[in-house]
Amino acid sequence: MQDYLDIFSNTWAILLVVLFFGGSIFVHEFGHFVAAKLCGLKVLRFSIGFGPKLISWTGADGCKYMVSLLPLGGYVALPQLADMGALEGGTEEDSAAKSLPPAGFAAKIIVSSAGALFNLLFAALLAAVVWIVGLPESDAYRTTTIGYVPEKISDIDGSKIPSPAFSAGLKPGDKILEIDSDKVSSFAEIIEAIALGSGRDSNGKPMAEIKILRDGKEMQMKVYPALIRTNLGTGDAIRMLGAMPAMKMKVGELLDNSPAQKAGIKVGDTIKGINSEKLYSNQQLIDILSKVPEGETVKLDISRDGKEMSLIVKPAKVVRTKSYCELSIPGDPGFSMRLFDSKNADASSVKVLSARGQFDYIPQPGFMLYKANGRDILNISQLNTVINHNSEKGSITLAFMSPTYEMGDMTLPKGSQSKITPPREQVMLGYILEDITIITHPSIASQFADSIRRTYGALESLLNPKSDVGINSLAGPVDIGRVIYKLSFADISLVLSFAVLLNINLAILNMLPIPVLDGGHILFAIISKIRGGPIPPNVFGAIQAAFTLLFLSLMVYVVYYGMLRWSGDSRYEREMEAVSEINVEDVNF
């Protein structure tokens, strides 16, 4: 039954990708088509989709209508707008097309603008639906108050670096008012402002000026964001602050026999403080509990039905992870591999938790290790013995198998070492917080304003040489399709909201005065109007050819990077699946 549900979910997700990604491009081309018809221009072809045609027919108007194989968009061929032909399906199909009179100035402006106009109309329609049905938002990310500042933050490969927020002296409870003189109204805006920032100090180091409110006083601080890699495939890196938002700590569930249950905490209670220290996040509480001597009690301040009270709780230390085996190569800090015992109803095996290094073959998270130097490996204790026993004798060959039964070997050099890391313990109270989601109903105007702000903010950062946003950060068809695909599993309104942003983004980008884009067509029409005649064909052809080549090269580049990003994200997701398997879910008190 679950298999059928998975198939249905995937089919639904793919349908939404086609509908909203392909549909957004189709709406753009349909705008050109409608405007051309209204202006009395000849339309040679109008295609739904790209690539090889599936079906076609010729209408009474002489236009060839087509349904093509790839359902992501469409194109319209307009011979009287030669400058729109190369990228929108137009070809010199017959001599009749060449003899048509050129389009007038007004027609060029109207037809070239219509694609963006239709994208805006489509965005307005989608925004109206979002306004009516509502948009789910995490309550925590609606605040600008800091809830947790770790001492260190992790790169995508697990390496730790000092948290910029901690180094700058930011604390839980600080309310961020401005970043680089721009006001912020949510933590999502804070993350975005830091990522797109272009501030640098005299040494060229990334820097942001932050205004905060602490204990009723405004303070100006300088923070030096860290460049954190976010993808193993591309090495994408963005500026990060290293702080988390404040959260409402409302108890949603109590674990059996837990300290919280024994102390009298109830579902619905809101945890406000511990030992008279105000709490802003659960991570902050975990740090405090880790320093409580074993056997001692703490005073927990809570709110219940609007009443403030305190309860005495005795935290308990419980096992949170399984043991794992860690392999290393002396003199090669770039190599690491962690493996763990995986047990299910069918069999026991040793699986890869993570693997890093420069080898011809590197097993992925979730791959099974089944032999070491030809010996069957059933658990990490056996592996640890084999590695350490053969460490000084010679190289060690490890044999792996993927979940799809593909085999692969890697050989560790002489001197490789292994150690068993014991289970990680954690001091806990034994409750699970409620995930508080707020349904908002943003107006159409506010959705447009937010999308325009985000689009221009990203463009400004992309064009600013002082920012850390490069051309490899551009999202292409692969990235956009994946975003819609993932959002479809969360909430359809999130897909609609993203489609609003996508259509406004398409409208703005297409109106930029760049040849091959709609704005470029308008620019050429204006230049022709001013000079009193068409641009010389050789000049026009050279400009179009150059920018067409640049555009196609850019598309190949972003698609290639999109595939690399997909591969890196997939690897990270597999690693998170392995991490979830090594974590102990059923905590026993």
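Every number here is computed from the coordinates shown, using simple stated rules; none is lab data. For clarity, every value in this text was computed on a predicted model and none was experimentally measured. Neighbour counts are summed over all protein chains in view; Cβ atoms, including those assigned to glycine, are modelled from backbone coordinates with ideal geometry.
Structure summary
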quantity: Additional length obtainable on full extension of the chain from I55 to D215, 0.36 nm per residue less Cα span; calculated: 50.7 nm
quantity: Cα centroid separation, region 10-85 to region 149-208 (Å); calculated: 45
quantity: Alpha-carbon centroid distance for the pair region 400-418 / region 242-292, whole angstrom; calculated: 43
quantity: Positive dipole terminus of the chain, leading residue within S185, I153, I492 (C-beta point charges); calculated: S185
quantity: Proximal charge balance of R304 [Cβ under 10 Å; K/R count +1, D/E count -1]; calculated: -1
quantity: In order through region 471-485: 3J(HN,Hα) via Karplus (6.51 cos²θ - 1.76 cosθ + 1.60), integer Hz, x for Gly, Pro; calculated: 5, 5, 7, 4, 8, x, x, 5, 5, 5, x, 5, 4, 4, 4
quantity: Where the Cα pairs of region 324-422 fall when distances are cut into 5 Å bins, in %; calculated: 3, 14, 25, 31, 18, 7, 2, 0, 0
quantity: Rounded to whole Hz, the Karplus (6.51, -1.76, 1.60) HN-Hα couplings of region 193-206, x for glycine and proline; calculated: 5, 5, 4, 8, x, 10, x, 9, 8, 5, 9, x, 7, x
quantity: Centre separation in Å (Cα based) which lies between region 331-394 and region 465-544; calculated: 48
quantity: Within-10-Å neighbourhood charge of P423 [Cβ basis; K, R +1; D, E -1]; calculated: +2
quantity: About the Cα centre, charge dipole magnitude for region 105-201 (Lys/Arg +1, Asp/Glu -1 at Cβ), debye; calculated: 220
quantity: 18 Å Cα-Cα reach of K37 towards lysines, excluding residues that sit fewer than 8 places from it in its own chain; calculated: K64, K108
quantity: Helix 105-133 vs. the chain, principal-axis angle (Cα, 0 to 90°, nearest 10); calculated: 30
quantity: Cα-Cα P(r), region 140-247, percent of pairs per 5 Å interval; calculated: 2, 13, 23, 27, 20, 10, 4, 1, 0, 0
quantity: Cα-based helix-to-principal-axis angle, 537-582 vs the chain, degrees rounded to 10; calculated: 20
quantity: Partners for K314 among aspartates and glutamates (Cα-Cα distance below 13 Å; same-chain residues under 8 apart left out); calculated: E294, E296
quantity: Charge dipole (region 324-422, unit charges on Cβ, about Cα centre) - positive-most of T385, A399, T411; calculated: T385
quantity: Helix axis angle, 2-16 relative to the chain longest principal axis, alpha carbon, degrees; calculated: 40
quantity: Reachable lysines, given that their alpha-carbon falls under 21 Å from the alpha-carbon of K414 and they are not under 8 places away in the same chain; calculated: K371, K393
quantity: Listed pairs K222/K322; K152/K250; K183/K272; K171/K307; K278/K317 exceeding 31 Å between Cα atoms; calculated: K222/K322
quantity: Kirkwood Rh in Å, taken over the chain so that all alpha-carbon pairs contribute; calculated: 28.4
quantity: Directionally averaged shadow of region 418-546, computed from the convex hull of its alpha-carbon atoms, nm²; calculated: 16.8
quantity: Estimated 222 nm signal from helices in the chain, with DSSP H stretches of n ≥ 4 weighted -39500 (n - 2.57), rounded to 500; calculated: -12000 deg cm²/dmol
quantity: Burial ordering of H389, H32, fewest other beta-carbon atoms within 10 Å first; calculated: H389, H32
quantity: Magnitude of the charge dipole, region 129-280, Cβ model with Lys/Arg +1 and Asp/Glu -1, debye to 20; calculated: 380
